[in-house]
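> Mind having a look at this structure? Questions to follow.
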Amino acid sequence: MIRLEGINKSFGRLRVLRDVSLEVQKGEVVCLIGPSGAGKSTLLRCINHLEPLDSGTIYIEGTPVYRFARGGQIIADSDHKIEALRSEVGMVFQSFNLFPHLTVLENLMIAPLHVRREPKEQARRRALALLMKVGLSDKIDAYPHELSGGQQQRVAIARALAMQPKVMLFDEVTSALDPELIGEVLRVMRQLAAEGMTMLVVTHEMGFAADVADRVIFMADGVIVEEGTPQQMFSAPKNERTRQFLQSILERNTELGDMATLTMPSPGGEARGG
């Protein structure tokens, strides 16, 4: 579904991504973990072309996109094509980014109406179905400021799904939420994973990664340090940098009195790993 080859990205003198290569298969859930500043969020933003690459190539369903080399020439996709590609790759951020002057229902309908030019009734039906899916059917006429953080984030997920994307990118979507609200967002993400949605998730929720991910990738200093199944990564990481990171998470959870484990989260539980 997604293939990255030799991705590089710098901001001034700060090199954030260093020759990153990665594949995400259709229906796969991949969780990106690592310390702040590792390049995880920048990687997602490059996949959705919110940040242009310095070099490297992104493929979506086997086709090079955005800006790439072909026959010795650099090809750049048109703005119209990039907009169409973004509709295939949904993204949800830490901040909810809802339109404050629109109701919940209007927030979900606006992109299908104006980007996809869908008939209003079709967009409305899908929006209502998605709000039922995320447990917010009773909030269709509410405005964002009338919702809790967890409710706003569920609306943001539903809004991304309204464009019927082939893959979803989640950028630390629970990090701005109070602890008691995290579970309701993770439940929606678990449901999407169970339904076979391709997902690339930047997260600090180690219990979620251990329970839901097909593959966990540890990043540090702009490179992929180690990757494997959750069992491999959380039970027997091979790289010392990975071990140090996971140990720091365990120590912090112990200090906070968090009883969630990395290796064996309870079935269906909303374990938090910090």
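The values are calculated or read from the model by the stated rules, or taken from the named source; none is laboratory data. Quick caveat: nothing in here was measured; it's all calculated off a predicted structure. Here Cβ is always computed from backbone atoms with ideal geometry, including for glycine, and neighbour counts include all displayed protein chains.
> Just for segment 47-98: of the residues that are free of Cβ contacts under 8 Å to residues at least 60 places away in the same chain and of a type in the set (Asp, Glu), which one is surrounded by the fewest Cβ atoms within 10 Å (Cβ to Cβ)?
Ranking the candidates gives 79 first.
> In segment 133-149, is there at least one residue being within 21 Å of residue 209 (Cα to Cα), buried (at least 21 other Cβ atoms within 10 Å of the Cβ) and touching a Phe, Trp or Tyr at 6+ places or on another chain (Cβ under 8 Å)?
For segment 133-149, residues within 21 Å of residue 209 (Cα to Cα), buried (at least 21 other Cβ atoms within 10 Å of the Cβ) and touching a Phe, Trp or Tyr at 6+ places or on another chain (Cβ under 8 Å): absent.
> In segment 130-160, which residues are over 21 Å from residue 171 (Cβ atoms) and either under 17 Å from the mean Cα position of the chain (by Cα) or of a type in the set (Asp, Glu) (or both)?
Within segment 130-160, 138, 141, 146 meet the criteria.
> If you scan segment 1-24, which residues turn out to be free of Cβ contacts under 8 Å to residues at least 12 places away in the same chain and outside any strand (DSSP E or B)?
12, 13
> Only one of these is touching a His at 6+ places or on another chain (Cβ under 7 Å) and not polar (S, T, N, Q): 82, 110. Name it.
The match here is 82.
> Please go through (1) under 22 Å from residue 195 (Cβ atoms); (2) at pLDDT below 90; (3) assigned to a loop (DSSP other than H, G, I, E, B) for residue 163 and return the number of the only condition it doesn't satisfy.
All conditions pass for residue 163, except number (2).
> What are the residues in segment 183-192 that are surrounded by fewer than 22 Cβ atoms within 10 Å (Cβ to Cβ) and touching an Asp or Glu at 6+ places or on another chain (Cβ under 9 Å), if any?
Selection gives 183, 184, 187, 190.
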